[in-house]
Amino acid sequence: MSDHRIRRMTRDDLPEAVEVDAECLSRPWSAAVWREELESPFGLYLALEEEGRIVAQIGVKRTSEELHVTTLAVRPECRRRGYARALVRAAMDAFPEVRRVHLEVRPSNSPARSLYRSLGFREVGRRPRYYGDEDAMLMTLDLSS
């Protein structure tokens, strides 16, 4: 992996967060949603910087002993460098008390599903029309054992 740094996102990161989302996701969050999320006390949003530029980001929300990955995006030209894996691990490390991690992923997103399976996530269900145009595959990582 090249020289990079993972840090907590701030409001100043809003323009880049929106830009990364627009590059990576078919249904990116709006600036208003990002603003609300970054100001929420219930979430943790991390940025992975490479040469001072945000190239990947993750958002999670913790409730009790569970963590929900709300967003994960890596700029297309920076994929296959282990950045998504590093962000998932950093988010989980921030909450050592967590026993389960949940996320939704498009069934058509084979690279993401493969990554999550390699981290120990299991496909446990579907959320019909979650993305509007496609169901979501619900995946869970059980850390309790």
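The values are calculated or read from the model by the stated rules, or taken from the named source; none is laboratory data. Since the structure is predicted, the reported quantities are computational estimates derived from the model, not experimental observations. Positions of Cβ are backbone-derived with ideal geometry, glycine not excepted, and every protein chain shown enters the neighbour counts. These accessible areas exclude ligands, DNA and RNA; they are computed on the full protein's heavy atoms, side chains included. Shrake-Rupley method; radii C 1.70, N 1.55, O 1.52, S 1.80 Å.
Per DSSP H run of at least 4 residues, take -39500 (n - 2.57); add these up for the chain, divide by its residues and hand me the 222 nm value, nearest 500 deg cm²/dmol. Could you put the intermediate results ahead of the total?
Values: 4 runs with 40 residues, N = 145.
Mean residue ellipticity at 222 nm (helix-derived): -8000 deg cm²/dmol.
Kindly report the accessible area of segment 81-145 per residue (heavy atoms of protein chains, probe 1.4 Å, no ligands, DNA or RNA), in Å². Let's see the in-between values first.
Numbers: 3480 Å² over 65 residues.
Heavy-atom SASA per residue in segment 81-145 reads 54 Å².
Highest mobility in the GNM of the chain, judged by mean-square fluctuation with C-alpha springs under 10 Å and restricted to 129, 89, 106, is found for 129. For the chain, a Gaussian network of Cα nodes joined below 10 Å ranks 17, 56, 94 by mean-square fluctuation, and the top entry is 94.
Note on the chain: GNM, Cα springs under 10 Å; of 90, 32, 73, the largest mean-square fluctuation is that of 32. Between residue 14 and residue 117, the modelled label-to-label distance comes to 4.0 nm, taking each label 7 Å out from Cα in the direction of the beta carbon.
In whole percent, how big is the carbon plus sulfur part of the accessible area of the chain, probe 1.4 Å, protein atoms only? Could the numbers behind the result be given before it?
Working: 3790 of 8020 Å².
For the chain, the apolar C and S fraction of the accessible surface comes to 47 percent.
In the context of the full set of protein chains, residues of segment 20-59 present 47 Å² of accessible surface per residue (probe radius 1.4 Å, heavy atoms only).
Charge dipole of the chain (Cα centre as origin; +1 on each Lys and Arg Cβ, -1 on each Asp and Glu Cβ, all else neutral): 520 debye, rounded to the nearest 20.
Run the numbers for residue 68 and residue 97: contour at 0.36 nm per residue of separation, minus the present Cα-Cα distance, in nm.
Details: separation 29, 0.36 × 29 = 10.44 nm, distance 1.36 nm.
Answer, rounded to one decimal: 9.1 nm.
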